[in-house]
Structure formats: structure tokens, C-alpha cells
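A.B. asks: Got a structure for you, questions after.
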Amino acid sequence: MGPGSGFCVLVLWRPLFASSPWPETGQAGSAGDQSDCKALLHGLYGTGFQELKVPNPELRLFLSLEREVDLVELERITTAVGWHQRPLRRVRRALRHSLLVVGLWSHDPLLPRLVGFARCIGDGVINATVWDVVVHPAYQGAGLGQGLMTFVVQQLKAMGVESITLFADPGVIRFYQNQGWELEPKDQRCCFWYAC
Ligand SMILES: CC(C)(COP(=O)(O)OP(=O)(O)OC[C@H]1O[C@@H](n2cnc3c(N)ncnc32)[C@H](O)[C@@H]1OP(=O)(O)O)[C@@H](O)C(=O)NCCC(=O)NCCS
């Protein structure tokens, strides 16, 4: 979730999917549009990138852990969904200290555009928390948000993380519940401290 109020806590205690609807990590896509060679995709998106399919065959979208996120582009997306702006220097530090930073890129061999984002903080062993899950409004409703979350969970599972939490805005709870997340707290087990 992003900055906001009145959010709810969701926890992922068990494996989400028996099998993923998405291609395996590092695959360069279908036999369709293969004009970009795998080396080019690796150069743009690093190792472990993943392609998400959308109904429009002319559009290619890639999840990347390694392509550096442009903070101004990220702000363009978060502003488009109505989140308040944060000072970019603080966002830069937050990303630097995150356990996982995932960009969703609309592919262009010259200049990919950031259209989605998520990040996680945590110890990388026992606990992780997902933050700032967002898909640009122009790209919503095509399964990308779910693909982004599936990828995030895959990465954390690969690290061996035991439990994953996130803080969902009330209007998005069902989005997560449909993917297997459980709503907490059952007995007000969560505590929060805010700087202001
Ligand atoms: C929430 C968000 C990431 C979803 O991204 P998306 O790409 O539109 O979602 P998807 O297309 O993958 O949707 C997957 C499923 O969830 C459903 N869904 C999407 N947004 C939903 C919502 N807000 N509430 C309930 N269900 C939702 C879709 O209808 C779809 O259902 P289906 O599989 O039955 O068709 C996106 O709407 C967004 O960025 N919102 C603004 C920022 C935000 O609120 N982030 C979450 C903070 S906690």
C-alpha cells in the first residue's frame, strides 16, 4: 500500500499458488514477437526479469528487480493514483534500504517506461512487508497488479521468507484476499507508532 489512512493489515502465511499463471523467471516471452533478443532484454532488465502477458500483443511488459527506477517516473505513477508526494531524496533512501524493489516496465528497446511498482522491506529470512504496490491507471485492469504481486511473493519465497505482511487501503482489500491474503488482526494484534 502507499501512504494513506484507515488501512488494514493482511498477512500471507501459506503458499499462494500451486502453480503460477506467469512464465518462469528469466523467460523472454512467447514465440510471437521475438524481435528483441534475450541479450537485449537482459541488458535492459537484468537477470531474473519476467514478462507479463496482456491482451494487446503489441504491448510487452516486463518485471525487473535490477533496472533502476527513475524516481520522477515513479512519482508520476503515484501522483496519478492520488498518493501524496514524498521528497525524492527520502524515497531514494527508502528504496536503497528496501529488501526488494520491483519495477513493471512497458517495453521499449530504447527507453522502457515505468508503469508499475512494488517494494518490500524485511530481514530476508523470517519477515517481509510489502509497500507501495501500484499500477498506472492506464495499465490497470489487465492482470498486471496480480502479476506484480505474484512475482513479489515468488521472490520472497525464493529467499525463504516465512511470512509476508502488507497494509491495504480499504478499497483494495479484496484485490489481495482474492490472491490468498488473510485479513488481520483477528484480535487487534497489531500495534503502530507514528512519528507525527
Ligand atoms: C490495486 C492495483 C495495484 C491493482 O492493479 P490492477 O493491475 O488493476 O489489478 P489486476 O488487473 O491484476 O486485478 C486482478 C484482479 O483483482 C481485481 N481488482 C483490481 N483492483 C481491485 C480493487 N481495488 N478491489 C477489488 N478487486 C480489485 C480485478 O478485478 C481482478 O479480478 P479478476 O481476476 O476477477 O478479473 C491498482 O488498481 C492500483 O495501482 N491502485 C492504486 C494504488 C493502490 O491502491 N495500491 C494498493 C495499495 S494497498
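A.B. asks: Check every one of the helices (runs of 4 or more DSSP H) wholly within region 1-120 and list those with 3 or more residues that are at pLDDT 95 or above, away from the ligand (no atom under 14 Å from the Cβ) and within 17 Å of the chain's Cα centre (by Cα).
C.D. replies: Qualifying helices (runs of 4 or more DSSP H): 88-96.
A.B. asks: Pull up region 82-126, narrow it to residues that are in contact with a Ser or Thr (Cβ under 6 Å, 6 or more places away or on another chain) and surrounded by fewer than 19 Cβ atoms within 10 Å (Cβ to Cβ), then point me to the one that is farthest from G141 (Cα to Cα).
C.D. replies: Result: I121.
A.B. asks: Pairs please, first residue from region 126-147 and modelled with pLDDT of 95 or more and near the ligand (Cβ under 9 Å from one of its atoms), second anywhere and assigned to a helix (DSSP H, G or I) and of a type in the set (K, R), Cβ atoms under 9 Å, 6+ apart in sequence or on different chains.
C.D. replies: H136/R76
A.B. asks: Could we say that C190 is in contact with a strand residue (DSSP E or B) (Cβ under 6 Å, 6 or more places away or on another chain), outside any strand (DSSP E or B) and modelled with pLDDT under 95 here?
C.D. replies: Spelling it out, C190 is indeed in contact with a strand residue (DSSP E or B) (Cβ under 6 Å, 6 or more places away or on another chain), outside any strand (DSSP E or B) and modelled with pLDDT under 95.
A.B. asks: Consider only pairs whose beta carbons are under 6 Å apart and that are at least six residues apart or on different chains; among these, list those whose first residue lies in region 45-57 and is closer than 20 Å to L111 by Cβ and whose second residue is hydroxyl-bearing (S, T, Y) and surrounded by 20 or more Cβ atoms within 10 Å (Cβ to Cβ).
C.D. replies: Here the result reads Y45/S64; G46/S64; F49/S64, each pair linking region 45-57 to a residue that is hydroxyl-bearing (S, T, Y) and surrounded by 20 or more Cβ atoms within 10 Å (Cβ to Cβ).
A.B. asks: Touching a Cys at 6+ places or on another chain (Cβ under 8 Å) and under 19 Å from L65 (Cβ atoms), is that true of L166?
C.D. replies: So L166 does not fit the description; no.
A.B. asks: Could you please tell me which pairs satisfy a Cβ distance under 8 Å, a separation of 6+ or placement on different chains, a first residue in region 148-175 that is farther than 12 Å from C120 by Cα and more than 7 Å from the ligand (Cβ to nearest atom), and a second residue that is basic (K, R) and at pLDDT below 95?
C.D. replies: none
A.B. asks: In the set Q179, Q146, Q155, which member is part of a loop (DSSP other than H, G, I, E, B) and not aliphatic (A, V, I, L, M)?
C.D. replies: Among Q179, Q146, Q155, only Q179 is part of a loop (DSSP other than H, G, I, E, B) and not aliphatic (A, V, I, L, M).
A.B. asks: Would region 161-171 turn up any residue that is in a helix (DSSP H, G or I), more than 15 Å from the chain's Cα centre (by Cα) and not hydrophobic (A, V, I, L, M, F, W, C)?
C.D. replies: yes
The values are calculated or read from the model by the stated rules, or taken from the named source; none is laboratory data. All values reported here derive from a predicted model rather than from experimental measurement. Because the Cβ atoms are built from the backbone with ideal geometry, glycine has one as well, and the counts that use them run over all protein chains shown.
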